[in-house]
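Have a look at the structure below, then the notes.
The values are calculated or read from the model by the stated rules, or taken from the named source; none is laboratory data. Remember, it's a predicted structure, so these values are computed and weren't measured experimentally. Cβ: placed from backbone, ideal geometry, glycine included. Neighbour counts: every protein chain shown. Areas reflect the complete protein model, heavy atoms only, side chains present, ligands, DNA and RNA absent. Shrake-Rupley method; radii C 1.70, N 1.55, O 1.52, S 1.80 Å.
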Amino acid sequence: MTAIAEGREGDHALAAGIAEARLLGTDLVLVNLRLSALDRSGVPEDLKTTIVERSGPGDRDPVDAVLDEIEARPDVDRLVIGLRRRSPVGKALLGSVSQRLLLESPVPVVAVKPPA
């Protein structure tokens, strides 16, 4: 499963999620955390893919959305997320979806950063 956030981090997570699905020979589940629909053009047609769309920020907490999908799909064995560089103070003041997913995910998490 891959959580797709806004920006470069989400794009990088998508690429890493596709690579992980191919490596493991599994289906790809994408949880779209963006405010707009996910562009399928970056998703290979030969890879069985499920896209879980949210209806926007009022849908539910992004972390809850991802964790609910993991719980609903017992075959999920890995979560791929994108990270962005933040200062320690920024993390403390603003919180972090990525940090919460790292701490609360019941499955191993692969965290990837886009190149600098």
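Consider the range 1-31. How many of its residues are in contact with a Lys or Arg (Cβ under 7 Å, 6 or more places away or on another chain) and of a type in the set (Val, Ile, Thr)?
The total comes to 2.
Name every residue in the range 87-116 that is in a helix (DSSP H, G or I) and modelled with pLDDT under 90, in order of residue number.
Result: 88, 89, 90, 91, 92, 93, 94, 97, 98, 99.
Among the numbered criteria (1) farther than 18 Å from residue 108 by Cβ; (2) at pLDDT 95 or above; (3) not β-branched (Val, Ile, Thr), which one does residue 78 miss?
(1)
What number of residues within the range 25-52 are in contact with a Leu (Cβ under 8 Å, 6 or more places away or on another chain) and over 20 Å from residue 100 (Cα atoms)?
Result for the range 25-52: 10.
Counting only residues that are open to solvent by 70 Å² or more (accessible area, probe 1.4 Å), give me the strands (runs of 3 or more DSSP E) lying completely in the range 1-68 with at least 1 of them.
Hits in the range 1-68: 49-53.
Kindly indicate which of 84, 40 is closer than 23 Å to residue 106 by Cα and either modelled with pLDDT under 90 or basic (Lys, Arg) (or both).
84
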